[in-house]
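Input: a single structure, listed below in structure tokens.
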Amino acid sequence: MEAMSESGPSSAAARVVVGVSGSPGSLVALRRAAVEARRRSAVLWPVLAWEPPGGELSARRSTAAAVLAEDWERMARERLRRALRDVFGEDGAELPLRAVIARGTPGRALVATADQEGDLLVLGAGRRGLAHRVLWPSVGRYCLSHAGCPVLVLPPSPLEPALAAAHRRNAWRLRLDTGRMEREFARVPPDA
């Protein structure tokens with residue numbers, strides 16, 4: 001694990017650890033974690049976990065992985081900076097923050113980072129369709145079953161399926177049915 005930047009109190013202070021990947025769900029989790037950190041007068045610890053393409057086992061077999069690891073870590077650092085900028089703007093979070101880049105699976109990295117008794121771990125739950133559940137393990141489930149601190153898992157936005165459908169239609173260069181989109185958005189509660 002590598003700390004990207006640090007400002008504010010030491011790691012002994014209360015912490016709010018949040019998993020960040022750049023996905024819409026993780027950006028919502030980052031916003032909520034900032035609210036929780038302010039409320040608790042805690043340090044915000046955004047964590048982006050990364051693995052080499054193909055996983056650690058594949059990387060150990062390849063000689064090129066050692067050379068490319070620096071580039072993969074640099075890309076992870078940039079993705080975390082972009083997520084922080086998307087949520088907090090150019091001015092920053094205006095609260096104590098320690099950004100962490102961790103090499104490893106997201107669940108294990110988050111549980112290892114949120115290892116103090118007073119920590120709060122915040123996650124955004126992604127889409128959990130059948131195919132998604134089979135192919136990718138749930139970070140939220142892993143953290144809920146292994147974390148030694150409270151875990152706050154935020155549900156995905158009700159707009160996410162409609163936006164994903166619009167993205168698929170755009171990728172296939174199909175016409176967008178704006179009437180259908182309007183009906184989908186009308187069903188979402190205003191506070192969502």
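For segment 50-192, averaging the sequence separation of C-alpha pairs within contact (under 8 Å, six or more residues apart) and dividing by the residue count gives a relative contact order of 19 percent. Here each label is just a point 7 Å from Cα along the line to Cβ, and for Ala125 and Glu160 those points are 0.9 nm apart.
Considering the chain as a Gaussian network with a 10 Å cut-off on Cα pairs, which listed residue, Leu44, Leu174, Leu80, attains the greatest mean-square fluctuation? The residue with the greatest mean-square fluctuation here is Leu174. When shorter helices are ignored and each DSSP H run of at least 4 residues is given -39500 (n - 2.57), the per-residue value for the chain at 222 nm works out to -14500 deg cm²/dmol.
What the chain shows is 62 Å² of accessible area per residue, with the surface traced by a 1.4 Å probe over protein heavy atoms. Packing-based ranking of 27-40, 90-103 yields 27-40, 90-103, ordered from highest to lowest mean Cβ neighbour count within 10 Å.
Counted residue by residue at 0.36 nm each, then reduced by the alpha carbon distance between them, the extension gain from Met75 to Trp136 reaches 19.8 nm. Rolling a 1.4 Å probe over the protein heavy atoms of the chain, with every protein chain left in place, gives an accessible area that is 54 percent carbon and sulfur. Pairwise Cα separations in the chain fall into 10 Å bins from 0 onward with the following percentages, short to long: 9, 31, 33, 21, 6, 0.
The values are calculated or read from the model by the stated rules, or taken from the named source; none is laboratory data. Note that the structure is a prediction, hence the values are computed from the model and not measured. Cβ atoms come from the backbone with ideal geometry, glycine included; neighbour counts cover every protein chain shown. Please note that ligands, DNA and RNA were not included when accessible areas were found on the heavy atoms of the full protein model with its side chains. Shrake-Rupley method; radii C 1.70, N 1.55, O 1.52, S 1.80 Å.
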